[in-house]
1. Do any residues in segment A:113-128 that are over 13 Å from A:M158 (Cβ atoms) have Cβ atoms under 9 Å from those of residues that are surrounded by fewer than 21 Cβ atoms within 10 Å (Cβ to Cβ) and of a type in the set (G, A, S), where the two are at least six apart or on different chains, and which pairs are they?
2. Return yes or no: is A:G186 in contact with an Asp or Glu (Cβ under 6 Å, 6 or more places away or on another chain) and part of a helix (DSSP H, G or I)?
3. Considering each of A:T193, A:T237 in turn, give the residue that is more than 30 Å from A:L142 (Cα to Cα) and away from ligand 2 (no atom under 16 Å from the Cβ).
4. Being open to solvent by 40 Å² or more (accessible area, probe 1.4 Å), away from every other protein chain (no Cβ under 14 Å) and in a loop (DSSP other than H, G, I, E, B) narrows it down to one residue among A:G42, A:G32; which is it?
5. Scan A:N92, A:N83 and give me the residue that is over 14 Å from B:E224 (Cβ atoms) and not hydrophobic (A, V, I, L, M, F, W, C).
6. Where in segment B:51-150 are there helices (runs of 4 or more DSSP H), lying fully within it, with 2 or more residues that are closer than 30 Å to B:H14 by Cβ?
7. Taking segment A:52-106, which residues are under 19 Å from the mean Cα position of the chain (by Cα), more than 16 Å from ligand 2 (Cβ to nearest atom) and part of a helix (DSSP H, G or I)?
8. Pick out the one residue from B:G186, B:G195 that is of a type in the set (G, A, S) and not in a helix (DSSP H, G or I).
Amino acid sequence: MSAEAIIEAKAVSKWYGQFHALKDINLTVHKGERIVICGPSGSGKSTLIRCFNRLEAHQEGDIVVNGVALHGKMENVAAVRSNVGMVFQHFNLFPHMTVLMNCMAGPMWVKGVSAAEARKTALQFLERVRIPEQANKFPVQLSGGQQQRVAIARSLCMKPDVMLFDEPTSALDPEMVSEVLETMTGLARDGMTMVCVTHEMGFARAVADRVIFMDAGQIVEEATPDEFFSRPRHDRTKLFLSQILKH
Amino acid sequence: MLYPDTVEAEILVHKPWFVATMFAIVLLIFMALNMSGTSFAELMRPVIGEPSTSGLYGRFAIGFAIAVIFTLNVVLIGFAPLRLQIGIVWLELLLLFIAFFETFHLSLPFIREKLPFLISQGVVTTLYVSAISIVIASVIAVAGAVAKLSSNGFAYAIASFYTSFFRGLPLLMQVYLIYLGLPQLGFVINAVPAGILALSLCYGAYMTEIFRSGIQSIDRGQWEASRSMGFGFALTMRRIILPQALPVIIPPTGNQFISMLKDSSLVSVIGVWELMFLARTLGQKTFQHMEMLISAAMIYWMLSICLELIQSRIERHYARSKVR
Ligand SMILES: Nc1ncnc2c1ncn2[C@@H]1O[C@H](COP(=O)(O)OP(=O)(O)OP(=O)(O)O)[C@@H](O)[C@H]1O
Ligand SMILES: [Mg+2]
């Protein structure tokens, strides 16, 4: 794939105090590419994608998103962040606003879009995640799966260039996982650039262009889903896959 | 109310042991009190004869009668539905209260004569002073809370010094310090602004802590979601964090408002003609202190009740997004 790079991480290192959480990460995400990151708990997956919109700060190396280098003195943080959507494990919807308002808030407050237009966009994306009828409810009135789909719609309303997912289905009951995965698959089909931290290997196999395996703060293996699942090169990957595919 | 269980609880006031214990306690208390000089004893004259000479038997009979009335009352109220129960108990306590004031033999004409002035001057000043102070204190509280949570050393130091100082001194002393101290520095200040300043600063300090803890009670995920969408600090605070912190902040803040309303009486010491000042001075000439004090007390109470009602309305409003 030779399309332009949306996220470029070069020799990135991050510490939490003394703890070396990310070690020399090199990763390029191209436009339209779908990347799945997996790895054992504590391997630094969340930390890595949270560096991509600078919810976390890295200490060494460079991260360039959409041509803007992320660093502490960056002035256009808001501009960068509003072009990078993020979906969280625990949804993090705004509980004091209706579903519709959750989706309208970003475009109105950050991009200065008019209320009428924000409303139109919001309804359009709620339609896309197939819950337009819930628009006037509050988040607590929805099931987990519905809440996560609202969260996806909320991010989409900002018309981001890339979407980051941090274990979007791991807080959901099994029967709700598929509705969220379907939404994500639909997004992928429409050509959205995506970086997903997930343990849903079926999703990875079906959707990902590349699977990245992390362990102990490092990228251990990087391969197409086919290679990754049928011919993993590293022992740690094999161990991880055997554990995760056991059940 | 707490979240009630679905299993019907037994009614406490209908349990035999409770009724018996209550009866015994009331009986003993009123025997010990020796009610033989009261008008209730007069009512009992047909049973016990001359109250003052009725001795132990008289005391027992009076105590017994009161205990019967009391216990019967409680048991009967126990049958009523919840709302009625609450209403009846309120009413009875109120009647007892009025009966208590009745014993002062207050002069109603005197109260009627002074009441208009007590309200037009005293209540208006009290409300004026506390309302302005509440607004200023709330503004200070938001700023103070943000400062105490910031990573700016100056802001944190100033805010924590401020809250420590103004929570650490008695309000009365702050009133004096501001009224008498500021002129020493060359700022001559009138009594009313001095009072407002003292109240605002003192309550601003308490409310800073309330706001700070309210803001901190909001999940970090809300900050992360806001940031991930490009919201800046001020926007996140104003639109996301504060609206969610409000339901947490409102109950203790309502408390502060009520307590501020009454603490505004402290500015009477510097000669502000508010409710407390007038209550103390209006009755002085004719030695009718009790009349004015009790009237003022009732007015304070009614104002507090208004605040309580407002508070519960607001709480109900914010409960909306919480229910499923
Ligand atoms: N705020 C923090 N302070 C200190 N250490 C942290 C902090 N956040 C994460 N860590 C550590 O960094 C490491 C990587 O954490 P991270 O959350 O990125 O893991 P993860 O791969 O997302 O794991 P999981 O699958 O459990 O979500 C962990 O060992 C964790 O303990
Ligand atoms: Mg994680």
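1. Qualifying pairs under 9 Å: A:L123/A:A135; A:L126/A:A135; A:R128/A:G186.
2. Criteria not met by A:G186.
3. Within the list A:T193, A:T237, the selection yields A:T237.
4. Only one candidate passes the filter, namely A:G42.
5. A:N83
6. Fully inside segment B:51-150 and qualifying: B:55-79, B:82-102.
7. A:V77, A:A78, A:A79, A:V80, A:R81, A:S82, A:N102, A:C103, A:G106
8. From the options B:G186, B:G195, the qualifying one is B:G186.
The values are calculated or read from the model by the stated rules, or taken from the named source; none is laboratory data. Bear in mind that the values here come from a model prediction, so they are computed numbers and not experimental data. Because the Cβ atoms are built from the backbone with ideal geometry, glycine has one as well, and the counts that use them run over all protein chains shown. Areas reflect the complete protein model, heavy atoms only, side chains present, ligands, DNA and RNA absent. Shrake-Rupley method; radii C 1.70, N 1.55, O 1.52, S 1.80 Å.
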